[in-house]
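See structure below.
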Amino acid sequence: MAKDTKDTKSKKKDAKEEKSKGGLRKYFKELRAELKKVVWPTRQQVVNNTGVVLVVMSVVGLFLFAVDTGLSYAISKLIGLGAG
């Protein structure tokens, strides 16, 4: 039984050593490799996506404005009923 715990401890130690090997140089090498795999959008795609975001933001903003105005009006009328 003691042998099993010793093996487990040595495996954990080996795993820690593997993580620390390579260090910063390995990190940047792998980072560069991953960035080469990225498919960057074209200028036209960025412009189109920006337009879509602006239109959706405007529509949602107008909707929230309408809801807020309607609820404010309704609340003011309810308060007016209670006071009158």
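What follows is calculated from the coordinates using simple rules that are stated; it is not laboratory data. The model shown is predicted, which means the values in this text are computed figures rather than measured ones. For neighbour counting, all protein chains shown are included, and Cβ atoms are generated from backbone atoms with ideal geometry for every residue, glycine included.
A few comments on the model shown:
- Using the Cβ-Cβ distance between Val47 and Asp68 with R0 = 35 Å, the FRET efficiency computed as 1/(1 + (r/R0)^6) comes to roughly 0.65.
- Available extension along the chain between Leu78 and Val55 is 4.8 nm, counting 0.36 nm per residue and deducting the alpha carbon span.
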